[in-house]
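Colleague: Sharing a structure with you now.
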Amino acid sequence: MLDAGKRDLPFDEGLPEPQLVRGAGPLTGATVTALNDQHAFLRDAGPAAPVGAVLRLGLSHPCTAFDKWSLIPVLDHADAENPRVVDLIRTYF
């Protein structure tokens with residue numbers, strides 16, 4: 001179970017795709033199977049994504065994230081072990 005759901009993630013063009021576990025690398029074979037208001041349900045992650053892990057998700061349709069998030073964080077490098085937020089972009093959707 002992930003701590004993000006329909007209130008946080010776009011899902012109109014498909015469910016989010018697990019991409020990476022921070023500090024552990026790419027996450028292959030795992031899928032998000034469903035969303036409720038505040039949670040995503042992750043399947044087949046196994047020990048690669050233990051409780052408390054921070055996951056990066058690929059979004060199917062980022063445009064619909066703009067109406068959920070009025071400030072989008074900009075990272076220095078998304079693949080870094082500890083990416084830093086270096087800027088914010090205000091959205092007007």
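The values are calculated or read from the model by the stated rules, or taken from the named source; none is laboratory data. Since the structure is predicted, the reported quantities are computational estimates derived from the model, not experimental observations. Ideal geometry is used to build each Cβ from the backbone, glycine not excepted, and the neighbour counts take in all protein chains shown. Heads up: the accessible areas ignore ligands, DNA and RNA and are worked out on the full protein's heavy atoms, side chains in. Shrake-Rupley method; radii C 1.70, N 1.55, O 1.52, S 1.80 Å.
Colleague: Are there any pairs, at least 6 apart or on different chains, whose C-beta atoms fall under 9 Å, with the first in the stretch 53-66 and farther than 20 Å from PRO83 by Cα and without any contact (Cβ under 8 Å) to a residue 40 or more places away in the chain and the second of a type in the set (Val, Ile, Thr) and in a loop (DSSP other than H, G, I, E, B), and if so, which?
Modeller: PHE66/THR91
Colleague: Can you tell me which residues in the stretch 24-60 are assigned to a helix (DSSP H, G or I) and buried (at least 17 other Cβ atoms within 10 Å of the Cβ)? I'd like the intermediate steps shown before the answer.
Modeller: Here is the first cut: in the stretch 24-60, the residues assigned to a helix (DSSP H, G or I) are 46-48.
ALA48 - this is the single residue of the stretch 24-60 that is assigned to a helix (DSSP H, G or I) and buried (at least 17 other Cβ atoms within 10 Å of the Cβ).
Colleague: Right, another one. Could you tell me whether any residue of the stretch 10-23 is open to solvent by less than 80 Å² (accessible area, probe 1.4 Å), in contact with a Cys (Cβ under 8 Å, 6 or more places away or on another chain) and at pLDDT below 95?
Modeller: yes
Colleague: Taking LEU88, is it more than 13 Å from PRO16 (Cα to Cα), touching a Leu at 6+ places or on another chain (Cβ under 7 Å) and of a type outside the set (D, E, K, R)?
Modeller: On the way: more than 13 Å from PRO16 (Cα to Cα): yes; touching a Leu at 6+ places or on another chain (Cβ under 7 Å): yes; of a type outside the set (D, E, K, R): yes.
Yes, satisfied.
Colleague: Follow-up question, since we're still on this one. Being touching a residue at least 24 places away in the same chain (Cβ under 8 Å) and open to solvent by 70 Å² or more (accessible area, probe 1.4 Å) is the filter here, so list the residues in the stretch 70-91 that pass it.
Modeller: ASP79, GLU81, ASN82
Colleague: Can you list residue pairs whose Cβ atoms sit under 9 Å apart, with the first residue in the stretch 38-49 being more than 16 Å from ALA4 (Cβ to Cβ) and the second being of a type in the set (Phe, Trp, Tyr)? Count only pairs 6 or more apart in sequence or on different chains.
Modeller: From the stretch 38-49, no pairs qualify.
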